[in-house]
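Reviewing the structure listed below.
The values are calculated or read from the model by the stated rules, or taken from the named source; none is laboratory data. What you are looking at is a predicted structure, and each value in this text was computed from that prediction instead of being measured. Cβ atoms come from the backbone with ideal geometry, glycine included; neighbour counts cover every protein chain shown. Ligands, DNA and RNA are stripped out before the accessible areas are found, and what is left, the full protein with its side chains, is counted by its heavy atoms. Shrake-Rupley method; radii C 1.70, N 1.55, O 1.52, S 1.80 Å.
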Amino acid sequence: MNIRNFSVIAHIDHGKSTLCDRFLELCGLMSPLLKEGQALDQMSLERERGITIKAHPVRLIYKKGGEEFILNLIDTPGHVDFSYEVSRSLAACEGAILLVDATQGVEAQTLSHYYLAKENNLKIIPVINKIDLPNSRIEEVKEEIFNLTNEKNISLVSAKSGIGVKELLDRVVNEIPSPLIRKDSPLKALIFDSHYDKYKGVIVHIRVFEGKIKKGMKIMLYSTKKVFEVIEVGIFELDLKETNELNSGEVGYFAALIRDPKDIRVGDTVVDYKYPNVEPLPGFKVLKPVVFASIYPTLPQGFESLRKSIEKLYLNDPGFVFEPEDSSQLGPGFRCGFLGSLHLEIVEERLEREFGESIVITYPSTKYKIILKDGEEIEITNPSKFPEESKIKEILEPIALVKIITPKDFIGDVLKLIEIRRGKFLNMIYIDPNRVIIEAKIPFSKIIYKFFDDLKSVTKGFGTFDYTIDTWEKGDLTKVDIVVNGKLVDALSFIAYKDEAYRKAKEILNKMRGFIPKQLFEVVLQAKVQGKIIARESIAPLRKDVLQKCYGGDVTRKKKLLEKQKEGKKRMKMIGNVEIPQEAFLSITEVE
Ligand code: GDP
Ligand code: MG
């Protein structure tokens, strides 16, 4: 059997999912979604936003000169927050297509995904896409790719029109090595992803490295030593397709009535329970979340259902972490960690859409290390857990090493942006005569909110960035508490630089005031630092019943008004007797 396992990697929007559409067509895999484009982006959230969030595996049969090849293709997301999806996909492959947009050239995530593929020792095929566009810069982009990869053989394609796509598949077959086949050894398969199915339990996505997995066989999960009987084995077509077995070298899935999502760990090795004494596969490095926020059910009785949904979502998104917590004002909920702020947004939306949860989410914050005067060092992912100021010796904050790629015309504006975000410029190199990579160190808390938006706006949409958390540095920080009608709301506390605390507190209260509906009594909002009030706003009470505004007996209008109120109530929490809507919890994200 001829097998090729490969991924398509690129910066966001360079055409990965569109190229996969052409591969599907060439191999005769028909999807009703092909007409609309990006057929592998099947999640409604992906189609609406036009971005890939999850890696999507699919198996194709390609015929070349009388020979048949099985292609296991994985489409991957491009956004920096989803790099973990990319790195897990690459572990299941022997090769990768590195796609670069002919009008954009090499971008920030082109670099980071290229290095990921290199680390995984993959054969990389560089490709320039969108050559149909009149403003494509093929020669310059060739040079950029050569400078990055040292590769001269660069394929030219248009994923939209199909030019060069067949030749590219021929290259895949010729140049990407077939997997090492070890049929006669005991089973060893790598878990690279999973999802939950109501009937079959956890569906485990695997790459078989040695031996085979068959229906009816008993397998053991290496890290937990739990044994299950396999009830179904199959491959990824557009849906799951059952086969009898998966052999060494193949990518597919199995189900074994695994009901507890916690039994499955991404990166774990699946073995034959009769031959458990094998060396496990290396797995993945555990990713550390950098953005933290709390998720609460809108009603406290929703907690158990939320817990189950979060566990199931986690199966499909192992970059996200969670633990139960109790807020004095908001009741039981979860403190969650995310890989970035887009990741947080996506988790929030998936919980609501896929699992039907009604939730409220609090301010995102990063992690701080605090050294106490007694020498103890603690890590804080929740501002409400901040120790008393008198006990603190120093506070360390995470610093991001940021790489920004921008046309040279915007260098000045980008440097100004770095300064506004309290960053330090490190250096700058030209990747071609017109574009530079700027390296800077910026406190991570200063790139969580809207940094990308601001970068896009100062570079007229051309700038891109990537980052890694680099070091911890001392920061002059303090905790700001928010008090609503005399009640300190722990879930609204935030950490700010001392010289920004006053301004931020004022702006946030002002925003909150706009989001909190008038009540029958006055609502007073206060911000406090170390017990001292630094800002105050109030919301005047409602004068008359809202319904009195509806003159006469216009019943439908009254009904509509009531429904609108009910709708608005869905995502809010009661603090004492004050209704706080979701937007008010996130007002900090609107303040820089
Ligand atoms: P991804 O983020 O890398 O998966 O990119 P998509 O496949 O979603 O494509 C991003 C956008 O580029 C879409 O609007 C596509 O229609 C467009 N696109 C992709 N390939 C081509 C191409 O070869 N030519 C042109 N003109 N547009 C393309
Ligand atoms: Mg895509």
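Taking the residues in the stretch 355-384 that are touching a residue at least 60 places away in the same chain (Cβ under 8 Å) and of a type in the set (K, R) as candidates, determine which candidate is nearest to G340 (Cα to Cα). Looking at the filtered set, the residue picked out is K367. The residue that is nearest to ligand 2 (Cβ to nearest atom), counting only those in the stretch 47-60 that are under 21 Å from the mean Cα position of the chain (by Cα) and open to solvent by 20 Å² or more (accessible area, probe 1.4 Å), is I51. Within the stretch 449-470, the set of residues being among the polar types (S, T, N, Q) and either open to solvent by 40 Å² or more (accessible area, probe 1.4 Å) or at pLDDT below 90 (or both) comprises S457, T464, T468.
Could you please give the count of residues in the stretch 448-484 that are assigned to a strand (DSSP E or B) and closer than 27 Å to M512 by Cα?
Taking the stretch 448-484 and keeping what is assigned to a strand (DSSP E or B), we get 464-474, 477-484.
Among the residues that remain, those that are also closer than 27 Å to M512 by Cα are: 477-484.
Count: 8.
Taking helices (runs of 4 or more DSSP H) as the structural unit, those lying wholly within the stretch 101-175 and holding at least 2 residues that are open to solvent by 20 Å² or more (accessible area, probe 1.4 Å) and either modelled with pLDDT of 95 or more or within 16 Å of ligand 2 (Cβ to nearest atom) (or both) correspond to 138-149, 165-175. Taken over the stretch 19-55, the residue count meeting the criterion of being near ligand 1 (Cβ under 10 Å from one of its atoms) and in contact with a strand residue (DSSP E or B) (Cβ under 8 Å, 6 or more places away or on another chain) is 5.
What residue, among those in the stretch 33-46 that are on the phi < 0 side of the Ramachandran plot and within 11 Å of ligand 2 (Cβ to nearest atom), is surrounded by the fewest Cβ atoms within 10 Å (Cβ to Cβ)? Checked the stretch 33-46; the qualifying residue surrounded by the fewest Cβ atoms within 10 Å (Cβ to Cβ) is E46.
State all residues of the stretch 14-32 that are surrounded by fewer than 16 Cβ atoms within 10 Å (Cβ to Cβ) and either within 13 Å of ligand 2 (Cβ to nearest atom) or assigned to a loop (DSSP other than H, G, I, E, B) (or both); if no residue qualifies, say none. G28, M30 - these are the residues of the stretch 14-32 that are surrounded by fewer than 16 Cβ atoms within 10 Å (Cβ to Cβ) and either within 13 Å of ligand 2 (Cβ to nearest atom) or assigned to a loop (DSSP other than H, G, I, E, B) (or both). Out of the residues in the stretch 480-512 that are in contact (Cβ under 8 Å) with a residue 12 or more places away in the chain, surrounded by fewer than 16 Cβ atoms within 10 Å (Cβ to Cβ) and among the basic types (K, R), state the one that is farthest from F386 (Cα to Cα). The qualifying residue farthest from F386 (Cα to Cα) is K487. Residues in the stretch 68-100 that are part of a helix (DSSP H, G or I) and either modelled with pLDDT of 95 or more or more than 17 Å from L281 (Cβ to Cβ) (or both): V80, D81, F82, S83, Y84, E85, V86. Once the stretch 403-447 is narrowed to residues that are farther than 28 Å from I588 by Cβ and part of a loop (DSSP other than H, G, I, E, B), the residue that is least open to solvent (accessible area, probe 1.4 Å) is N434. Residues satisfying the criterion are present in the stretch 115-128 (criterion: within 29 Å of V208 (Cα to Cα), among the hydroxyl-bearing types (S, T, Y) and either in contact with a Lys or Arg (Cβ under 9 Å, 6 or more places away or on another chain) or away from ligand 1 (no atom under 14 Å from the Cβ) (or both)).
The numbered conditions (1) touching a residue at least 24 places away in the same chain (Cβ under 8 Å); (2) open to solvent by 10 Å² or more (accessible area, probe 1.4 Å); (3) more than 28 Å from the chain's Cα centre (by Cα) are all true for D263 except (3). For the structure I just gave you, tell me whether I213 is away from ligand 1 (no atom under 16 Å from the Cβ) and either modelled with pLDDT under 95 or crowded, with 17+ Cβ neighbours inside 10 Å (or both). Yes; evaluated as a whole, the condition is true for this residue. Condition test on I74, is it hydrophobic (A, V, I, L, M, F, W, C), within 13 Å of ligand 2 (Cβ to nearest atom) and over 16 Å from S7 (Cα atoms)? Taking the combined requirement at face value, the residue does not satisfy it. Scanning the stretch 1-13 for residues that are touching a Gly at 6+ places or on another chain (Cβ under 6 Å) and away from ligand 2 (no atom under 13 Å from the Cβ) gives I3, F6.
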